[in-house]
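First the structure, in the form of structure tokens, and then the observations on it.
The values are calculated or read from the model by the stated rules, or taken from the named source; none is laboratory data. Computed from a predicted structure; not experimentally measured. Neighbour counts are summed over all protein chains in view; Cβ atoms, including those assigned to glycine, are modelled from backbone coordinates with ideal geometry. What goes into the accessible areas is simple: the full protein's heavy atoms, side chains included, and nothing from ligands, DNA or RNA. Shrake-Rupley method; radii C 1.70, N 1.55, O 1.52, S 1.80 Å.
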Amino acid sequence: MEEPSLNLLSSPDFNPEKYVRELSQNCIGGQELARLRKTIQSLSEDTNGSLKKNVYDNYMQFIDTAKEISHLESEMYQLNHLLTEQKSLLGALYNTAILGDDAYIVVEADLSKDNNEAKKEDLRKIKMMALREKIRNCPEILDDPKKILLYEGYLTELDSLENTPIQSVYGVLFTDGLLIAISDFSNRETSSFKFDVFYDLGTIAIVNVKDLGNVKQAFKLLAFPDTRVFQCKSSIIKKEWLDKLDQAKKDRLTQDQTKKEPIIDKSPSRSSSIDVPYTNNPFEEHEEDIFHHPDWFIEVSDDLDVSVAQRHFEEALSLLDKAKEYISKYTPPKNQDDHIFNDIRLKVDQRQTNLIDVLMKELEVNPDKSLQGGLRAARRAVRLLNQLDRKMQSCDLFLKLCSSMLKIQCKQVKREGSTFVYTKNLTSVVFTNLCHMTEEFLRAFSTSSSCISAYVVWASNEIALFTSHFIKQAFVPQTSLTTLADCIILVRSQCDRLCKYGIDLCYQIDGSLRDHLNQALKDTRNKLIDLIKVRCSEDKWTPMNLKSRNHLSRYLQEFKDVGLEVNNYVTGDYWLQLTANTMSFTKVFLTLVEDCMRLQAPDLLYRIESTLYSVFEAQLKHIEVTLRNEKRNEQRQFIIKNANFLLTTVLKLAQDKFKAVNKMESEKLSKLKMENSALIKGVTPTTRSIPKYNNEEFV
């Protein structure tokens with residue numbers, strides 16, 4: 001493999017990729033590659049040193065060359081001046097000899113005018129050359145001979161949101177556009193810039209930015225879809241920039257209008273030598289046929305950009321409607337193509353799309369957006385989007401905004417205290433917000449049936465999310481049926497608030513809770529049956545001793561509050577001819593009946609009746625087993641009295657409560673009373689007379 005050398009690396013046909021590929025194929029091991037790398041690095045250092053040395057050696061030659069160029073430029077300027085004077089002198093001699101003094105003045109004026117134009121052209125070229133040296137990577141924009149520089153200067157670009165400095169830029173204003181160059185950090189010279197972008201004057205709008213806080217002497221450049229903010233060094237420079245930009249846009253607009261007008265050829269000699277009356281002008285009729293659009297229509301695109309940038313959306317919409325009305329009524333002249341009108345019409349459509357995008361962003365939900373203003377802050381954007389015939393888009397964004405706000409509100413509800421307290425706080429937040437959102441929705445979309453349908457679907461989804469969360473929090477093993485009943489009644493009452501707006505979603509909540517309530521009733525039944533078995537095993541079948549009259553009166557009042565009179569069973573001062581087990585079961589069963597009636601729903605009727613039947617039957621089986629026990633013969637009458645109390649008083653009260661809610665008696669409770677009515681007489685299944693079948697067909 002050939003060792004690297006300056007001749008090899010600097011040859012015209014040297015290919016780095018090919019050279020590296022050959023190195024990787026021919027070199028053996030990393031040590032040889034490291035040695036070649038050090039060799040190339042030493043060649044690079046030697047080359048840099050030789051270049052620096054050449055610069056130092058030729059430094060004086062560079063200075064002398066610059067002086068020679070300066071002298072040559074001065075001599076060329078003097079030569080140009082001499083040639084111009086000679087040209088003027090020859091022209092003056094020529095006109096004096098033929099046409100007299102008057103013609104001499106005319107020719108001298110023309111020559112002076114040519115001389116001024118030549119100087120202006122030279123000055124323009126010098127400025128363009130200076131710009132090429134200042135701005136790197138600049139395309140062929142500066143090569144256009146028609147491009148005239150109007151203004152230039154240093155600016156500081158600010159962040160459009162944070163108003164913090166980003167970078168230093170150099171702005172150059174031409175007759176047809178604005179060139180922006182940014183600082184070139186790759187060049188050590190601080191005054192060097194590189195080309196960034198060129199904006200055509202017809203596609204930008206300039207907005208003055210008021211001095212506020214740290215933002216001073218700034219103006220905003222709107223070039224759809226970008227927005228850039230530039231800060232000047234002083235208020236005077238800012239005023240010059242705004243004046244120059246405004247004048248350039250007006251000149252550009254005037255020039256565009258002039259290009260569309262027919263060109264009338266007027267000969268200078270004809271107008272100066274022949275006096276033709278104006279009434280005989282053959283072009284008079286044609287000039288009157290030219291139609292000029294009003295000034296407000298010509299500037300409507302810029303005005304729309306300014307209104308949107310300043311967030312004057314109502315003014316922008318009003319101006320947009322005015323422009324669309326003008327466009328719909330305008331009829332172009334025959335055999336003419338109104339390019340200005342077509343161009344403005346396209347710009348108006350673009351500005352309308354831009355306005356819609358800005359309004360939709362007002363309703364979009366993102367992590368950086370604050371929702372402190374609530375739905376009131378969204379009214380403006382929704383109303384304007386509806387006026388722009390974007391109801392479905394605004395409806396979709398409005399509902400997404402509602403979902404986000406509802407989610408944030410629910411997260412603020414802390415899981416503290418009992419289940420009922422948490423459910424109370426959560427349902428209050430959810431349904432209060434739903435009512436408020438419904439009012440705002442009907443305010444904006446009450447006339448749109450498709451939007452109302454979308455809202456019903458949205459509300460149903462939000463209720464489903466709420467119900468799912470409620471089930472996870474409330475339907476846990478440690479939650480009693482009483483607490484569940486309190487929570488579900490609270491949820492139903494809160495959901496009823498939506499009915500005044502014509503939205504009834506209670507059926508959806510009941511349907512979502514049906515399976516969980518069935519399971520809760522089943523679990524409650526099993527727990528109560530197990531509790532009855534434990535208490536029955538400890539039952540001694542002795543009357544209750546309440547130990548004092550005050551305690552007795554409180555105890556009787558407690559049962560009276562639930563609709564049960566037990567005064568007939570009081571004997572002595574404070575004895576009750578009922579067992580403690582019977583009274584505990586009575587209290588538990590009546591509480592169960594009360595909870596079931598509060599949970600009452602058509603789909604739960606069978607499960608509720610089965611639960612009540614199973615629990616009451618478990619207590620009656622205990623009495624039945626006790627009556628069959630011969631050891632309890634002395635207490636038989638007392639046991640029968642307890643059975644009579646349960647079957648006549650307690651079961652009747654439960655049946656009344658069931659009928660008050662369902663408007664009918666419970667079949668299972670009636671069946672239970674019929675099946676166990678014999679217990680009142682002390683008859684058990686072992687002592688009952690069972691009739692035998694006389695007919696063999698029943699066997």
Long-range tail of P(r) for region 540-582 (Cα pairs > 15 Å, %): 37 percent
28 Å Cα cut-off, lysine pairs counted over region 376-486 (separation 8 or more, or different chains): 13
Under 5 Å, built H, 5+ apart or other chain: amide partners of residue 218: 209, 232
Unsatisfied cross-links (Cα-Cα over 24 Å) in the set 216/244; 120/220; 134/216; 125/244; 522/673; 533/671: 120/220; 134/216
For region 474-490 versus region 378-394, the gap between their alpha-carbon centres in whole angstrom: 43 Å
Alpha-carbon centroids, region 510-587 and region 619-676: separation in whole Å: 13 Å
Residue 169 long-range amide H proximity, modeled H, under 5 Å: 155, 156, 157
Hits among lysines - C-alpha to C-alpha of residue 527 under 20 Å, sequence gap 8 or more where chains match: 587, 621
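Note down the net charge around residue 232, summing +1 for each Lys or Arg and -1 for each Asp or Glu among other residues with Cβ under 11 Å from its Cβ. Mind showing how you got there, number by number?
Values: positive: 216, 233, 238, 239; negative: 240.
Taking every Cβ under 11 Å from that of residue 232, the sum is +3.
First select every other residue whose beta carbon is under 13 angstrom from the beta carbon of residue 58; then total the charges, Lys and Arg +1, Asp and Glu -1.
Values: positive: 52, 53; negative: 57, 64.
Here the count lands on 0.
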Percent carbon-and-sulfur accessible area, region 404-513, ignoring ligands, DNA and RNA, probe 1.4 Å: 55 percent
Overall Cα dimensions of region 348-501 - principal axes, largest extent first, Å: 66, 33, 20
Principal semi-axes in Å for region 583-634 [√(5λ), Cα gyration tensor, largest first]: 30, 12, 4
Volume per residue that the Cα convex hull of region 148-221 spans, once the total is divided by residue count, Å³: 107 Å³
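Using only C-alpha positions, report the orientation-averaged shadow area of the convex hull of region 417-515, nm², one decimal.
Working: hull surface 25.0 nm².
Average projection, Cα convex hull of region 417-515: 6.2 nm².
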